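Enquirer: Okay, handing you the structure first.
The values are calculated or read from the model by the stated rules, or taken from the named source; none is laboratory data. Small disclaimer: the values here were computed from a predicted structure and weren't measured. Quick reminder, even Gly has a Cβ in these numbers, built from the backbone with ideal geometry, and neighbours come from all protein chains shown.
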């Protein structure tokens, strides 16, 4: 092996590390800015044009938000939508996936096709809206909870996972007098726990982040989730807060703090996600 | 309960003379055995019927002058009137070209990003470095569009935005990133890259991890440099995944994330940012033209379906032959 080759390898390696570092910093920068800014006192925005780390730490922006009844209400709404919504998602998806994993089931292929077809062709926004309207679900959280109750993609992946459970295990459980419901809850679910945790997290994230469903189906401003409030606050630059909330002045840090509070739940669940989600899970499930 | 099924299952397999009767009986038994399962399927099936197949029936609205007060049954039929109107409207060409241009931007600028990232990450040998970098890079995937557009709005706010302050201090002009229509498409692509690059790299990394290590050993013996190995081994090995992803992405280009686009929209950039779904929302939900926008949606779904089917057919053919 020539000396030249070795040098070329070293250079290439250096180049790769350098490039990756630059990309990572660029990706992280906006979030670092938001975090730094949210902790800065009002004065710092006047004296410094651009900063990532504030010289002084101030929690005024967070105090301001947690004193605002609008913000607290939106936070509460988001928690309700996400909590109950995810429960409905997991209940509906798990039951259906488990049922469809039974290869002997009469009528299985028809239902499978029914699910697959919805992934290819949908009625679109307006007919769905009219259905929700005709069911009297407008302006109720049930519209959001029910309209997205099952993600066909997760359903299919989950069905594959349940299908992987060895038949012998099932037969043995049946010998012991286990019914289908007990089979699901005492054998299938514990076996698929890492995958279930991952699906739960995906559903949580999509509810927490969802914006369009809320503006489509909800009209009452008091029912709006955090994402809608965030848009009014930042993108529309609406100043809808009470002018004097507990003597804390509005500053540029407030929108940044609102962004951080919106992201924090995701940061909390991230370690769990990393624990359960890995390439193996993704590959193993897609192959089926 | 399980015992009974096992006992009854066996004789059916062995006895072969009264075939028809046995087949019917077996079917009956299987249905009976499936009763608890059907109960489990019930909520899901109802969900699909009401919220996925209901709207399919609701597509008939595309041929009606739908009046919310008259309902589905009493609204007036207008035939293909709405479709004629769509094809005659000036906006139709705008919608088509905006969708097409965004799709092209996506393929040219977004599509290579996760591949390049995965190729780079694949060269990283330090475990801790790789895993922490990957964590940072796929975090944005979990950040909502509201937050992404929100951060952009804060950074580029015309009066107080930090980036604009920075630009001005260095002698440049402040830029109106969100309101000036010339920035809409680049911004849209940059958002997509920030949001999806790290996440989408996962599938390519997975494909790379299944490359036979013997190939690298052999190449090393032959004196190949790492850059040569990347070019001649890694890249060709993942090529079929790249091609399949490319085809699928092109097949899905009618399905732009309209939440993202809607958030980026304002009256000043509508000429470049209006796509089918945002138009449907504006004219249908906000404007109350339910029949007309259902027709627009049906047109969009049909084109989308055709694209996806063509893409799938090509991908399947590639899958058979294109694997190295």
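Enquirer: Quick check on segment B:153-177: of everything there that is within 30 Å of residue B:100 (Cβ to Cβ) and facing another protein chain (nearest Cβ under 8 Å), which residue is nearest to the chain's Cα centre (by Cα)?
Expert: B:153
Enquirer: Are there helices (runs of 4 or more DSSP H) fully within segment A:74-183 with at least 2 residues that are facing chain B (nearest Cβ under 7 Å)? List them.
Expert: The helices (runs of 4 or more DSSP H) meeting that bar are A:108-120, A:125-134, A:141-147, A:167-175.
Enquirer: Something else now. Among the listed residues A:194, A:152, which satisfies the condition of being in the same structural domain as residue A:218 (by TED's automatic domain parsing) and free of Cβ contacts under 8 Å to residues at least 40 places away in the same chain?
Expert: A:152
Enquirer: Would you be able to tell me the number of residues in segment A:38-68 that are in contact (Cβ under 8 Å) with a residue 40 or more places away in the chain and either away from every other protein chain (no Cβ under 12 Å) or in a helix (DSSP H, G or I) (or both)?
Expert: Result for segment A:38-68: 14.
Enquirer: Something else about it: For residue B:292, state whether it is crowded, with 19+ Cβ neighbours inside 10 Å, at pLDDT 95 or above, more than 14 Å from the chain's Cα centre (by Cα) and facing chain A (nearest Cβ under 10 Å).
Expert: Values: crowded, with 19+ Cβ neighbours inside 10 Å: yes; at pLDDT 95 or above: yes; more than 14 Å from the chain's Cα centre (by Cα): yes; facing chain A (nearest Cβ under 10 Å): yes.
For residue B:292, the condition - crowded, with 19+ Cβ neighbours inside 10 Å, at pLDDT 95 or above, more than 14 Å from the chain's Cα centre (by Cα) and facing chain A (nearest Cβ under 10 Å) - is met.
Enquirer: What's the number of the only condition in (1) surrounded by fewer than 18 Cβ atoms within 10 Å (Cβ to Cβ); (2) touching a helix residue (DSSP H, G or I) at 6+ places or on another chain (Cβ under 9 Å); (3) more than 8 Å from chain A (Cβ to nearest Cβ) that residue B:93 fails to meet?
Expert: Single failed check for residue B:93: (2).
Enquirer: When you scan segment A:19-37, do you find a residue that is closer than 30 Å to residue B:136 by Cα, within 8 Å of chain B (Cβ to nearest Cβ), more than 30 Å from the chain's Cα centre (by Cα) and buried (at least 20 other Cβ atoms within 10 Å of the Cβ), even just one?
Expert: Taking every residue of segment A:19-37 in turn, none turns out to be closer than 30 Å to residue B:136 by Cα, within 8 Å of chain B (Cβ to nearest Cβ), more than 30 Å from the chain's Cα centre (by Cα) and buried (at least 20 other Cβ atoms within 10 Å of the Cβ).
Enquirer: Sticking with this one: Quick one: in segment A:202-219, which of the residues that are farther than 20 Å from residue A:131 by Cβ and more than 9 Å from chain B (Cβ to nearest Cβ) is surrounded by the most Cβ atoms within 10 Å (Cβ to Cβ)?
Expert: Looking at the filtered set, the residue picked out is A:207.
Enquirer: A further question follows. Going through B:285, B:261, B:306 one at a time, which residue ends up being surrounded by fewer than 19 Cβ atoms within 10 Å (Cβ to Cβ) and more than 10 Å from chain A (Cβ to nearest Cβ)?
Expert: B:306
Enquirer: Shifting gears a bit: Name the residue that is surrounded by the fewest Cβ atoms within 10 Å (Cβ to Cβ), counting only residues in segment B:162-196 that are part of a loop (DSSP other than H, G, I, E, B) and in contact (Cβ under 8 Å) with a residue 12 or more places away in the chain.
Expert: Of the residues in segment B:162-196, the ones part of a loop (DSSP other than H, G, I, E, B) are B:170-180.
Next, only the ones that are in contact (Cβ under 8 Å) with a residue 12 or more places away in the chain stay: B:174-180.
Working: B:174: 16, B:175: 16, B:176: 16, B:177: 21, B:178: 22, B:179: 14, B:180: 12.
Looking at residues that are part of a loop (DSSP other than H, G, I, E, B) and in contact (Cβ under 8 Å) with a residue 12 or more places away in the chain, I get B:180.
Enquirer: Just need a number here: residues in segment A:184-197 that are away from every other protein chain (no Cβ under 13 Å) and either over 19 Å from residue A:95 (Cβ atoms) or crowded, with 19+ Cβ neighbours inside 10 Å (or both).
Expert: 4
Enquirer: Also, I was wondering about something else. Can you name the residue in segment A:115-143 that is crowded, with 18+ Cβ neighbours inside 10 Å and over 15 Å from residue B:50 (Cβ atoms) and, of all such residues, is modelled with the lowest pLDDT?
Expert: Ranking the qualifying residues of segment A:115-143, first place goes to A:124.
Enquirer: Inside segment B:80-122, counting only helices (runs of 4 or more DSSP H) that do not spill past its ends, which hold 3 or more residues that are over 30 Å from residue B:206 (Cβ atoms) and in the same structural domain as residue B:262 (by TED's automatic domain parsing)?
Expert: It comes to B:81-88, B:90-105.
Enquirer: Please work out if residue B:188 is within 8 Å of chain A (Cβ to nearest Cβ) and at pLDDT 95 or above.
Expert: no
Enquirer: Within segment B:51-74, identify whether any single residue is surrounded by 13 or more Cβ atoms within 10 Å (Cβ to Cβ) and more than 14 Å from every other protein chain (Cβ to nearest Cβ), and answer yes or no.
Expert: No.
Enquirer: Which numbered condition in (1) farther than 18 Å from residue B:40 by Cβ; (2) outside any helix (DSSP H, G or I) is the only one that residue A:205 fails?
Expert: The number of the failed condition is (2).
Enquirer: Please go through segment B:197-237 and pick out each residue that is outside any helix (DSSP H, G or I) and either loosely packed, with under 15 Cβ neighbours inside 10 Å or more than 12 Å from chain A (Cβ to nearest Cβ) (or both).
Expert: Once the filter is applied, which keeps residues that are outside any helix (DSSP H, G or I) and either loosely packed, with under 15 Cβ neighbours inside 10 Å or more than 12 Å from chain A (Cβ to nearest Cβ) (or both), segment B:197-237 yields B:210, B:211, B:212, B:222, B:223.
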